[in-house]
1. Tally time: how many residues in the range A:93-146 are charged (D, E, K, R) and either outside any helix (DSSP H, G or I) or facing chain B (nearest Cβ under 8 Å) (or both)?
2. What number of residues in the range B:192-213 are within 7 Å of chain A (Cβ to nearest Cβ) and open to solvent by less than 20 Å² (accessible area, probe 1.4 Å)?
3. Mind counting the residues in the range A:67-118 that are charged (D, E, K, R) and closer than 20 Å to residue B:190 by Cα?
4. Is it the case that residue B:272 is part of a helix (DSSP H, G or I), modelled with pLDDT of 90 or more and more than 12 Å from every other protein chain (Cβ to nearest Cβ)?
5. Do the conditions hold for residue A:233, that is, is it touching a Phe, Trp or Tyr at 6+ places or on another chain (Cβ under 9 Å), more than 16 Å from ligand 1 (Cβ to nearest atom), closer than 21 Å to residue A:273 by Cα and not charged (D, E, K, R)?
6. Taking only the range B:214-249 into account, find how many residues are within 14 Å of chain A (Cβ to nearest Cβ) and aliphatic (A, V, I, L, M).
7. Would you check if residue A:196 is in a loop (DSSP other than H, G, I, E, B), within 16 Å of ligand 2 (Cβ to nearest atom), touching a Phe, Trp or Tyr at 6+ places or on another chain (Cβ under 9 Å) and among the small types (Gly, Ala, Ser)?
Amino acid sequence: MVSDTKISIKNLYKIFGNNPEAQVEKVVSGLGKPELLEKHGHVLGLNNVNLDIPAKSLQVIMGLSGSGKSTLIRHINRLIEPTAGEMIIDGENVLAMSKDRLQDFRRHSASMVFQKFGLMPHRTVAENAAYGLTIQGIDEGEAQKRSQRWIDRVGLSGFEKHYPAQLSGGMQQRVGLARALTTDAEILLMDEAFSALDPLIRNDMQDVLLDLQEELHKTIVFITHDLDEALKIGDNIAILRDGLMVQEGSAQEIILNPADDYVTDFIQDINRTRVLEIGSVMSDKKSTKGPKLDHKTVIEEALPVLSAEHAEHAIVTKDGKAVGTASLDAMIQAIARPKNQKSDKQYK
Amino acid sequence: MDFLTDFPSLGRVTLLTFKKTIDGAFREFNRAYGEYIEAFFDPLLWCLKWIDWIFVHMPWPLFFILAAGLAWLGSRSIAIVIGTIVSFALMGMFGMWKETMETVAIVSVSTALCIGLGIPLGIWMARSDRVQGIVTPVLDIMQTVPSFVYLIPIIMLLGIGKVPALIAVFIYAVPPVVRLTNLGIRLVDSEVLEAADSFGASYKQRLWGVQVPLALPNIFAGINQTIMMALAMVVIAAMIGAPGLGRIVLKAVQNQYLASGMMAGLAIVALAIIFDRVSQAYGKRLQKHREGGHGV
Ligand SMILES: Nc1ncnc2c1ncn2[C@@H]1O[C@H](COP(=O)(O)OP(=O)(O)OP(=O)(O)O)[C@@H](O)[C@H]1O
Ligand SMILES: [Mg+2]
């Protein structure tokens, strides 16, 4: 993965209310969301969020309802004005752009997929897919010709003349995806794009997205509150709580070292054997005994191999070279569920 | 006890001077500016006369073709087209052709005026809560003040004639199209608007590409009501000089011509039904895309 930073979020604050600027200082000096609401009648949307998103990666943002996910993603294309902070994209602060520059940025550099699809009900599938191009001033015929490729790519060939109301939810979101891809923007913003779909369709759509990403290498910011979805598609996961970013890292890091009880609760119910990779639980010790397994092998697959060979260790390899040793003990310890420090959920 | 039963009014003399002052001031205003105001409305008068002339002098078969064509374009329903032709034929047979044409002319012009001014006003209202706050009570007043009350200053300023009649119809009929344009635009799904914004739509692209098209069914409901109200005003408009079916009714009231009054009344009802059915059917077709199901 190339690790040039594409999107850099710096000290971002968003406070909703009549006089948000006046509240920033209180938040900076440690006032939390419940207190701000109770004492000052303002809603804390984002609290000092800092996040670097590498180019061509898929960044997942998670959190419970009301934690500020939608607010955060809408700052990236500035559908929401910040109270304080910076949003540097390709070296330019989006939050300081002029109106014209921002319009240009939205037309060419970032496109968005919405939870409830946000399709234009009076435009056909073909017209919807071409929407971004018509907004750029390309005439409807040419725009539709160019968007046809994406209609085909998301599997909607033959439905060009249908209206959104005539399609199922999954198909509507394919239109939403095609519309976002048509502008060739390098950044794709997806706000719970698959949350409204039923599980099977959602799974399909995740595969569609992963296939596309393999081919297109966009910088994708993907919001979800479904951990399984996050683990399936995300290179990196950031977790928000009450507008505060409580942890950020790879799925493996978060599962092995949850930052606090909130995160611990989040990862309670996942199947750890199926997610954790031996590369995350290995030690640097070199060993010559045992089967050789790639560092990406999940524990669920590693255990039967060890057991079949009556081995205590596996040699962890990366690109064919040994990089460390994963012991049976380490694997078993890793799959034990972490316990909440406090019995009652104090963050509620 | 007298004090409690007789309300302490200002007194006859005071009230009289009060009223006289207002009337005098208005007359003064009229004397100073009446001419300019009349000149201001001249283009309207010219336009009205011209359209009136076209309808009255149009060969009736041509009118039938036009009416049937429009009814078909609007409704795509054979039943409505036949109903339209039969109604107009009956009005002609009973000797009201010229009056019917005059009524169609004034209703068309006033509807066009209402749409031309009402829709932009509605759009402006939807854009700004301040404008909405100011315009809404004005519309309330326009709809509740008895029309005879605003006829007085209109007649004082412009005399009896087609333009004052048109203005009276306009005041009565414009509120629905303004209100429903405003409402329709405000009701547009915010996520769809957000999507338009996220793709960098300009203000104009947002208005004409999303808000107005999605508000169209509501705007059409407003236009439909506006037409109905314009038709409802034709008798009152006749009192201050509008030609047409209303004048027959007025004459019938003054002379107790029962049959003639009834016929003209029925003709107005028939016109209303035609306008209503055609414009409603058109409005419904506009929102076809909202229905689920297949087959485009
Ligand atoms: N326009 C607004 N005015 C006031 N408060 C707002 C506004 N928009 C969002 N909020 C508040 O900001 C907080 C974060 O909202 P946000 O929509 O970002 O949450 P979310 O994480 O996307 O939740 P969900 O999973 O329900 O979509 C919430 O407490 C919400 O009530
Ligand atoms: Mg949300």
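1. Going residue by residue through the range A:93-146, those that are charged (D, E, K, R) are A:99-101, A:104, A:106-107, A:116, A:123, A:127, A:139-140, A:142, A:145-146.
Now restrict to residues that are either outside any helix (DSSP H, G or I) or facing chain B (nearest Cβ under 8 Å) (or both): A:104, A:106-107, A:116, A:123, A:139.
The qualifying residues number 6.
2. Residues of the range B:192-213 that are within 7 Å of chain A (Cβ to nearest Cβ), as a first pass: B:192, B:194-195, B:197-202, B:205, B:210, B:213.
Narrowing further to those that are open to solvent by less than 20 Å² (accessible area, probe 1.4 Å): B:192, B:195, B:198-201, B:210.
Looking only at that region, the number is 7.
3. First, pick out the residues of the range A:67-118 that are charged (D, E, K, R): A:69, A:74, A:78, A:81, A:86, A:90, A:92, A:99-101, A:104, A:106-107, A:116.
After this cut, where a residue has to be closer than 20 Å to residue B:190 by Cα as well, the list is A:69, A:74, A:78, A:81, A:106-107, A:116.
Selection size over the range A:67-118: 7.
4. Details: part of a helix (DSSP H, G or I): yes; modelled with pLDDT of 90 or more: yes; more than 12 Å from every other protein chain (Cβ to nearest Cβ): yes.
Considered against the rule, which asks whether it is part of a helix (DSSP H, G or I), modelled with pLDDT of 90 or more and more than 12 Å from every other protein chain (Cβ to nearest Cβ), residue B:272 comes out as yes.
5. On the way: touching a Phe, Trp or Tyr at 6+ places or on another chain (Cβ under 9 Å): yes; more than 16 Å from ligand 1 (Cβ to nearest atom): yes; closer than 21 Å to residue A:273 by Cα: yes; not charged (D, E, K, R): yes.
Yes, satisfied.
6. Just the residues of the range B:214-249 that are within 14 Å of chain A (Cβ to nearest Cβ), to begin with: B:214-220.
Still in the running and aliphatic (A, V, I, L, M): B:214-216, B:219.
Summing the residues that are within 14 Å of chain A (Cβ to nearest Cβ) and aliphatic (A, V, I, L, M) in the range B:214-249 gives 4.
7. Working: in a loop (DSSP other than H, G, I, E, B): yes; within 16 Å of ligand 2 (Cβ to nearest atom): yes; touching a Phe, Trp or Tyr at 6+ places or on another chain (Cβ under 9 Å): yes; among the small types (Gly, Ala, Ser): yes.
Taking the combined requirement at face value, the residue satisfies it.
To keep it simple, each residue is scored yes or no on (1) within 16 Å of ligand 2 (Cβ to nearest atom); (2) among the hydrophobic types (A, V, I, L, M, F, W, C); (3) in contact with a Ser or Thr (Cβ under 6 Å, 6 or more places away or on another chain).
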position: A:207; (1), (2), (3): no, no, no
position: A:210; (1), (2), (3): no, yes, no
position: A:215; (1), (2), (3): no, no, no
position: A:222; (1), (2), (3): yes, yes, no
position: A:225; (1), (2), (3): yes, no, no
position: A:229; (1), (2), (3): yes, no, no
position: A:232; (1), (2), (3): no, no, no
position: A:239; (1), (2), (3): yes, yes, no
position: A:252; (1), (2), (3): no, no, yes
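The values are calculated or read from the model by the stated rules, or taken from the named source; none is laboratory data. Given the structure is predicted, the values throughout are model-derived calculations rather than measurements. Glycine gets a Cβ as well: all are built from the backbone with ideal geometry, and neighbour counts include every protein chain shown. Only protein heavy atoms, including side chains, enter the accessible area calculation; ligands, DNA and RNA are left aside. Shrake-Rupley method; radii C 1.70, N 1.55, O 1.52, S 1.80 Å.
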